[in-house]
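The values are calculated or read from the model by the stated rules, or taken from the named source; none is laboratory data. The structure presented is a predicted model; accordingly, all values stated were derived computationally and were not measured. Note: ideal-geometry Cβ built from the backbone for every residue, glycine included; neighbour counts use all protein chains shown. Heads up: the accessible areas ignore ligands, DNA and RNA and are worked out on the full protein's heavy atoms, side chains in. Shrake-Rupley method; radii C 1.70, N 1.55, O 1.52, S 1.80 Å.
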Amino acid sequence: MNPLYNQMFNPQYANQAYLQQLHWQQHDAEQRQEIMNIVKAIHDYFDAARKITPEYQQMAFDACIAAVVAEMSRGNG
């Protein structure tokens with residue numbers, strides 16, 4: 001392999017602080033996107049809930065609570 005290539009791309013020669021900053025920025029961007037996804041899901045939930053007629057609201061509530069319990073039992077991650 002080309003020695004110049006090794007010097008340019010070998011982590012031994014890379015600025016570790018810069019690489020950590022890049023990693024953190026990528027992680028931060030991914031987490032912010034997930035937050036946006038959660039907010040959209042909540043909006044979608046309420047949009048759907050508004051469409052439920054009163055006679056089905058208890059059934060919808062029970063199903064949603066069951067889903068929350070199932071998700072909580074899965075743990076975080």
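Okay, here's what the table says:
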quantity: The range 11-75 - accessible surface per residue (Å², probe 1.4 Å); calculated: 93
quantity: Phe61 accessible area, 1.4 Å probe, all protein chains in place, Å² to nearest 10; calculated: 120
quantity: Two-site FRET efficiency, Val69 against Phe46, from Cβ-Cβ distance with R₀ of 22 Å, rounded to 0.05; calculated: 0.65
quantity: Other-chain or far-sequence residues with amide H under 5 Å of Ile52's (modelled H); calculated: none
